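A.B. asks: This is the structure I want to talk about, given as structure tokens.
The values are calculated or read from the model by the stated rules, or taken from the named source; none is laboratory data. The model shown is predicted, which means the values in this text are computed figures rather than measured ones. Cβ atoms come from the backbone with ideal geometry, glycine included; neighbour counts cover every protein chain shown. These accessible areas exclude ligands, DNA and RNA; they are computed on the full protein's heavy atoms, side chains included. Shrake-Rupley method; radii C 1.70, N 1.55, O 1.52, S 1.80 Å.
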Amino acid sequence: MRIRALVKRIVLQLVRDKRTLALLFMAPLLILTLMHFLFTSNGDSSKVGTEGLSNEMIEQLEKLEIDVVTFQETNNIEEVIVENELDGYLVLKDGTLNLTIENTDPSRSKLLQTKIQQAFAMGSGKSELMNDELKTNYMYGSEDTTFFDVLSPILVGFFVFFFVFLISGIGLLRERMTGTLERLLSTPIRRWEIVLGYLIGYGLFAIVQTVIVVVYSVNILDMVLVGSVWHVLLVNVLIALVALSLGILLSSFAASEFQMIQFIPLVIVPQVFFTGIIPIAGMPEWLQIFSKIMPISYGADALKSIMYKGMDLSEILTDLVVLIGFAVVFIALNILALKKYRKI
């Protein structure tokens, strides 16, 4: 009898909580649908620039699902790779075959190298070579680069984003549940002052957390760092600011800590897929649009550009501006969201 009463109370409580029911039944379907399109997209095709190859050699490469783009003689191969978004650049000159690989995805780079070796081993164009050995140069990293070397900058930014989002959101929610925010709103303080105060207060700890994560990752875990550590810190501070303002904003729409946790599969999990862990270029074009509205995708791109590619701030200016833009929008929405608690 007591068990039946307890079960009845739980069922009625969940039935009345429409948000929890929607999350329970719809969130798994949304995430599974997203994963379906991500993992069934065709990301195996490589795009390679060529120079000096015969038509027979090009046809052999195309048979192995390599998208070949022919160029005339160029003085700056790396610039051509970046401008045309190539995976590599293959040059046949004086009987020697030289391959320059972009190498932002080591597993993809090794597959490309294997396909090219296979194409020439099959005989088409082999007679044109004086040296059968394929000489490979790497635009980023080296032959020993692992997938984790490319993934580690993304993970640094993601964990900063995730924990700052969670702590700031639950922290402000607790202020509301304990009545602290209500008492604060009974004073003449303005909404923007409240938002700014919370941002600075939580932001101080977010900065400390960012410094600890970056220093530990680079010095203890020996993560790859080609660019400046100060630039890495700056980008992570911007990521933390976005996560902080977003966490505070969403906490305004949560009635309990449990409801705040419910935002994780809807807000955090989808962003994981657009950080670069799964190559965005290999996604369907309509799905790539979603990466444009994911703040962490810009932060991950900036960190990867600094830590792995060695770029400076001028080369990632777009990512920085977009991150600042997200933070400004979220802060403005925070100020408006406080109207539901008090009109000033």
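A.B. asks: Which helices (runs of 4 or more DSSP H) does the stretch 249-344 wholly contain that include 3 or more residues that are in contact (Cβ under 8 Å) with a residue 24 or more places away in the chain, of a type in the set (A, V, I, L, M, F, W, C) and open to solvent by 40 Å² or more (accessible area, probe 1.4 Å)?
C.D. replies: Qualifying helices (runs of 4 or more DSSP H): 317-337.
A.B. asks: Let me ask something else. Out of the residues in the stretch 44-58 that are small (Gly, Ala, Ser) and in contact with a helix residue (DSSP H, G or I) (Cβ under 7 Å, 6 or more places away or on another chain), state the one that is surrounded by the fewest Cβ atoms within 10 Å (Cβ to Cβ).
C.D. replies: Among those residues, the one meeting the criterion is 54.
A.B. asks: Of the conditions (1) without any contact (Cβ under 8 Å) to a residue 60 or more places away in the chain; (2) open to solvent by less than 60 Å² (accessible area, probe 1.4 Å); (3) part of a loop (DSSP other than H, G, I, E, B), residue 222 fails just one. Which one is it?
C.D. replies: (2)
A.B. asks: Write out, first by first residue and then by second, each pair whose Cβ atoms fall under 7 Å of each other, whose residues are 6+ apart or on separate chains, and whose first residue, in the stretch 195-213, is within 20 Å of residue 153 (Cβ to Cβ) and open to solvent by 80 Å² or more (accessible area, probe 1.4 Å) while the second is among the polar types (S, T, N, Q) and part of a helix (DSSP H, G or I).
C.D. replies: none
A.B. asks: Go through the stretch 59-105 and count every residue that is among the hydrophobic types (A, V, I, L, M, F, W, C) and open to solvent by 70 Å² or more (accessible area, probe 1.4 Å).
C.D. replies: Counting residues in the stretch 59-105 that are among the hydrophobic types (A, V, I, L, M, F, W, C) and open to solvent by 70 Å² or more (accessible area, probe 1.4 Å) gives 1.
A.B. asks: Another question, if that's okay. Looking only at the stretch 225-247, how many residues end up being in a helix (DSSP H, G or I) and either open to solvent by 10 Å² or more (accessible area, probe 1.4 Å) or charged (D, E, K, R) (or both)?
C.D. replies: Final tally of qualifying residues: 9.
A.B. asks: Okay, next question. Answer with yes or no whether residue 122 is at pLDDT below 80 and in contact with a helix residue (DSSP H, G or I) (Cβ under 9 Å, 6 or more places away or on another chain).
C.D. replies: yes
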